[in-house]
Each structure stands twice: as C-alpha cells, then as structure tokens.
1. Only one of these conditions is not met by LYS123: (1) farther than 30 Å from VAL390 by Cα; (2) at pLDDT below 95. Which number is it?
2. Going by the structure shown, is ASP515 in contact (Cβ under 8 Å) with a residue 24 or more places away in the chain and surrounded by fewer than 20 Cβ atoms within 10 Å (Cβ to Cβ)?
3. From (1) modelled with pLDDT of 95 or more; (2) open to solvent by 10 Å² or more (accessible area, probe 1.4 Å), pick out the condition that doesn't hold for SER580.
4. Anything in the stretch 520-552 that is exposed (fewer than 15 other Cβ atoms within 10 Å of the Cβ), without any contact (Cβ under 8 Å) to a residue 40 or more places away in the chain and part of a helix (DSSP H, G or I)? List them, or say none.
5. Taking GLY615, is it at pLDDT 95 or above, crowded, with 20+ Cβ neighbours inside 10 Å and touching a Ser or Thr at 6+ places or on another chain (Cβ under 6 Å)?
6. Taking only pairs six or more apart or across chains, which ones have beta-carbon atoms under 6 Å, a first residue in the stretch 116-128 that is outside the structural domain of TRP102 (by the TED database) and closer than 20 Å to VAL186 by Cβ, and a second residue that is open to solvent by less than 30 Å² (accessible area, probe 1.4 Å) and of a type outside the set (Gly, Ala, Ser)?
7. Would you please name the residue that is farthest from ALA241 (Cα to Cα), looking only at residues in the stretch 358-387 that are open to solvent by 20 Å² or more (accessible area, probe 1.4 Å) and aliphatic (A, V, I, L, M)?
8. Here are some conditions: (1) in contact with a His (Cβ under 8 Å, 6 or more places away or on another chain); (2) assigned to a loop (DSSP other than H, G, I, E, B); (3) open to solvent by less than 40 Å² (accessible area, probe 1.4 Å). GLU109 meets all but one. Which one does it not meet?
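The values are calculated or read from the model by the stated rules, or taken from the named source; none is laboratory data. Since the structure is predicted, the reported quantities are computational estimates derived from the model, not experimental observations. Ideal geometry is used to build each Cβ from the backbone, glycine not excepted, and the neighbour counts take in all protein chains shown. For accessibility, only protein heavy atoms count, side chains too; no ligands or nucleic acids. Shrake-Rupley method; radii C 1.70, N 1.55, O 1.52, S 1.80 Å.
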Amino acid sequence: MMQIKKVAVIGSGVMGAGIAAHLANAGIPSVLLDIVPKFTEEDAKAGLKETDARFRNKLALKSIEEVIGKSKPSLIFDKKDMKLICAGNTQDDLKLLGECDWIIEVVTERLDIKQKVFETVEKNMKKGAIISSNTSGIPLKTMAEGRSPEFRKNFVITHFFNPVRYMKLVEVVSSSETDKEVLSTVVDFLENTLGKGVVTAKDTPNFVANRIGVYAWMASLHEALSRGLSVEAVDKIAGAALGRPKSAAFRTADMVGLDTLVHVAKNTYDLCLQDESREAFKIPPILNTMIEKKLFGDKTKQGFYKKTKGPDGKKEILSINLKTGEYGPQEKVRYDSLGAIKNLEDLPEKIRTMVGAADPAGEFAWKQVSDTLVYAANRIPEIADDVVNVDNAMKWGFNWDLGPFETLDVLGVKNVADRLQKEGRAVPVIIKAVLEKGNGVFYKNDKGKKFFFDQRTNSYQPVPLKSTNIVIRTLKEQGRELKSNTGASLIDIGDGVLCVEFHTKMNAIDGDIGDMLNAGIDLMESSRDYAGLVIANDGGNFSAGANLMLLWLESQQKNWDNIEKLVKGFQDVCMRLKYSSKPTVAAPFGLTLGGGCEVSMGCDAIRAHGECYIGLVEVGAGLIPGGGGNKNVLLNVEAALKAKGAKGWAGPSDGGFFPKVQKTFETVAFAKVATSAKEAYGHNYFKRSDKISLSRDKLLYDAKQDVLEMAKTYQKTTPREDIYVGGEGAKMALLNGIEGFRAQGLISEHDGLIASKLAHVLTGGNLPNQGFVSEQYLLDVERETFLQLCGEEKSQARMQSLLMTGKPLRN
C-alpha cells in the first residue's frame, strides 16, 4: 500500500483550513496554498511589499491564524501542532507539491477554476501522487476532462464534512479509471489515520448525505409553509423527538449556512431532471428573500434565528416568521405528542409514538419522516449500491441517530408500506422487495453477526466489519459475556484480553461498576488464559462521573458510613487497577469526567480517542475528587517535571513540592476539562506514555493491542511510599492565594472552603513539615476530606442543583 506522509491542501477557506488542521491533529504535515491577493493600501500601510512572503502568503497565513487559531469550538487538538501547517501560495510555492503524497483541491465550486487548478497540479506533482477534490457535487468525470491517463488513475473525490475535526463522514467517489491501490490507500488513510467514516458514493449530484439530507430539509420547509408551522415548532418536532440532532431543521440551517443549503438544493434541481421529487428542491420565495438580505445564519449573525437583547437588556433569541420574513419572539411549542414522549428514553419508542400521534405535531412528523424514507429508498441504486452506505452517510454526515433504513425497521417496514398504500402513495421498489423476497426487515442479526438486505441479489449479506472494529454489543450476542450486573459487564474480547463495559445511565460510576472491575481483576490475575484487561464501552460517552444522585441522597440522610464504604471501595479498585499483576488499559472517549477520569488514571495506561473531554470537575458539585484523582494528577505532574529536569522551590529533582502542588491545585480547583485528548497531557490527566487514536471505531482494538504488547514485559509494581509533599508551609502558601481570590470577589466563601480542603489534601493533611508520604496516606486524607464536604449544607445544595437543573450552583 502507498504511504501518505505529507499532504498539500489547495484552497485555504474554511474547509481547506479544517482539513489542514485535522491532518495536523493526526501528526501529518501539510502545505496550505491559496492565490496571491491583490495588493491594497492597507497592505502598504502595514509595511508590506508585493514581494514579501508575508503578503503573498497572506490568505493562507490568515486562515491558519484566524480560522484554525481562533475557531470555537477549536478545529485543532493542540495549537502547538499548527506548526505542522506550512503556508504558501499558488504562484511561488508550486514546487512544494512535488514533496506531497496527496494533493487535495478545496477551491470554490466552479468547474473552470477547478480544472485550471488540476492543470497546474499535474505539471508540478510528483509521479504517483494521489489527487482528490473536495467538491460537494461536481462530477468526477467532468473535472478530469483534459487530464492524462496517469492523472485520472490517481484522481478521486474525497468530500469532507464541516467542521472537519468533528464530522465523521467522508464520501469517496472513484471511477472505472481509478487505480485500486490508490482507492484503498485513500480509504485506509481516512479511516485509520484521520479516524473518518468512509461512505462509497456514486458520481451523482451531491452524492449521498447532501442529496438526502437537503431533501429532508427542503421537504420540512415546504411542509411547514403549507401547514403554517413556526420555525421553532418544526425544530421541536423534527429534532431529538425523531432521532435527529437537537438543532433539527432550521437551527441546523443557521449553523451550516443558508447559502450553502440553497446552493445544494439548486444544484439538485438543475441537474436531477429525472428525480421524482425534484419540485421539493425548488426554492420558495422566503428563502430567496433571506438570501437577498444575506440572512445566512451564524456567519451573518442572523438567519432563521436572531440573537438580540430584550427591553430588560437580557439576551433573547427571535425567530423569523416564514410568511412575513419578520423576526419576532418565539412561541411556546406545546403538543400532546411531544408531552407523551417527554419521559421516554427508548428512541424507537419515541419515534413510533411521534409518527403515530394524531395531533398536528404527529401529522407533521409522519409526513416529514415518511417523505424522507421514501426518497431515500428511491435513491438506491442511483446514489449508492446498498442501504448500509446510505444509513452511515446520514448518521455520520447529518448526525442522525438512525439511518433511513434503520428507521424503517424501527417503524416496521410493512407498517410503513401499508400506511403509504392507504394514503395512495407509491411504495418504493426496495421496500416491496424486502417484504416479498426478504424477511420484512433491512437488517437482521444471526449468531452475533449483522446482515443487510441487498437489493442486487435480493438476499441478506454481511454488514462489512473490519477486524479492527470490535463492537461490544456484537461480542455479547456471540456469547462472550462472562458476567453482568445492572451497572457493568465483563466480556472476553479475544486473544486473552478481558473488557469491563459500563452500562449505567451516562455510564455513571456506582457500586455495581466497582464490583465488576474487581471481578475482572480477580479473573485476570487468577487465570493463565488472560493477559490483561481493558475498560471500554460502546456508549455515547465513557463516563460522566460518579452516581451523584446516590451520593446526594446518602448525604441528605447523613449515612456517613455508607459514603465512606462507597468511596473506600472506589479508591481500592482504582489502586488494584494500577498495581495488579497484569496490565490494565482504559479507553476513554467523549465525556470522561470525575470518577470516569479517576478510573482512567487508575489504569496502567490510557488509550484515548482524540475527542476525549476529560477532567476532574467535582468542585462544581461542592466536592473534591474522591477516587485518587488528586494523587494521580500530583504524580503525573511530578513525572512531567522530572522529565524536564526541573528543580523547583524547596525540593529535590522532582521539581520541588510546591511547583507540583501548585500545578495540581490549579487543575483540580478550577475543574479544568481538556477539550481534546492532546490537551489532556497539558492538564496532566495523561502520562506522557499514554496514547491517542483518532478512530473511534478502532479504539477498543488499539487498547487491546496495548494490553498484549505490555503483557510481554509487564512487571508488577508496588504503591509509592516516597511522595514528597510540602506540609503546613505549602498549605499556608495556597491558603494565602485562596484568600486573595476571595477578597477580590473572584470566588465565593464556599468556593474558598472547597479550595482550602483541596490544599489540605495536596500538602499532606496535618503533616507539620515537608516530607515523604505514601499513596495510601494521601488516599486516607482525601477520603476524610471528601466526607467532610459531603456534610456541608452548601455542598449538598450544589449536588442538588446539578441533579435538578444540570447547572452548577455558585453559592
């Protein structure tokens, strides 16, 4: 397979910058090129000359500094990695193309401009380099006209979705001329290096996700206009209630940009002359008016919604009236069907309830969902060969919880077909086929393997699953679950590796999870069949923290013995993870907060997904970490200082007791949360030896390989007895700082109390002077202090606020 070690990105707009940033996230250097701008008076006033590289590279430099450097949320894991992006221009720096293994075109959506770029690229690229276009809809064969056979065999479309860092989908389009090795290299790089989900699309207008997604949006708009529904009503109905993002239709449009959506809609209307639903892509007058007024959404500060200030000076979000085009206060959206699903947690049940309801919201939901399902069904095999690619495109590109064909299965394919026929609507060919020649479902499971209905053969075929994609749910279906309780499961994931999977709500840590972790360690240590253990799960987040409800209830009832037992058990299992006779690896991703962070740090090693938002946030609940988190951050800081050869105030070569205590205090007291796995190193939640994977699908596989590699040379260690702490002197220094913050009004009195308790733990409790203590000593001080805070009325109020409102209370 070919190697991609350096990439050129031509076009430094939002997409080009996003691609370059994500390449940097993966450690891949890139060249970001754009045109040389016109020289202006402002350039002259800034002291620039037309010959200066700073001027000639201005567009690319500005993109790196502003689009990448200042975007929120950030496009890059760590701003230090911006140095991997080299700015240049398409006049002076074409020679740099000769150093690149992959050249990505990301210029404006005009065929003539793209063809000129490809002509230039072909003259300057190195032999064998891969070329791709990020076009959202221009045909591959049209862009390749006039290019040599050598160019065409290395040419594909790689359609990234914005923002590149966060959106999993990349649609890949190839032709009969594309070299198979080129295609496999691109797909492998996208999946394994950049962590993307690849959908194989056909060379049709707007490919898969935009073709269906923009249809769904336009159909919602037309339906809203015909029914007289407000923008906010549609968003309430067509969002989470139907398994779509909370931003639903119109808020999503504001985020994406109305101009972008209208461009895709017009492109479909103009090019898809045989599309049976072509009229849905016709732009209604309200959109033309909004485009004329530049009401594009977030990028112009107003779209379907507009932020403003009310008469009382408070922020207010207005919505546009789809009939008049004027902004006004949002209506209160209340429908019986929305009320009926409010407390439902099961998504299939929610969707069935909504589309089956007889009120206006239910009628709209059915029309919107059924129109989209029918449209998607009619697009096979036009835009993709199978239902799997279509479903993945909508989940990865539009953040739908379920793809169209998964939704059909949830609603019942026959139920949908019968209702369509009853309404006099045509039933798509593929739906008839699955009812007549299949088992009445598009997906089925057989002995732990998932199959899809393939309309090409009218048979069920295995859903493609790479050996590196380990799915816990599938392992359970295969009978690999060894033990289970209400909070967690113990699973054999093969090759002598065990996995503890959390499955509480939000994967909150509780006693059942602690029991399963102990059971996993017991089995691992007692059996020669097992080399080590991984902690992972298939959920949306690794763990949102400890079971706060249980802790609050116990605190309210003053059950201090129960709390101490719970905290001691958690501390003990985290120590067992670190000092067991065989290796343990945590595989955190998404929210990894509080107790989830402590479990991860308790393992020998961490293999984190790039999108891991990890932190010790207990102060927000009026507490401090209670599972050894304080100690482990302290030890990570100490190791980092030692690695730098630091010699700090009043201490030996570990950097001194105060620098490490101060750094740890800042991290925990300010509840710092890393916004990426890379940022977690800077907060000392990770050790320098911990690793990152960009592919969420491959995370468990990578963690498993880490265990197997560690097991080859693993040596059991013993708890530390030589942790250098500062005693009373260091504590007084921290307390002075806390008092300064309180005196300035920067923190409340209770904030100060929590901070002083944290200082007490980090400096060695009641230790009068600096000296050495054990890990267990620090854990005992931490547990005692944690219990004290549980007894504080204001801490209990903070817990209650988080539980009842989801918001921290600053009392």
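1. (2)
2. Values: in contact (Cβ under 8 Å) with a residue 24 or more places away in the chain: yes; surrounded by fewer than 20 Cβ atoms within 10 Å (Cβ to Cβ): yes.
Yes: the conditions hold for ASP515.
3. The single condition SER580 does not satisfy is (2).
4. ASP522, SER526
5. So GLY615 fails the test.
6. none
7. Only one residue fits best here, namely VAL374.
8. That leaves (3) as the condition not met.
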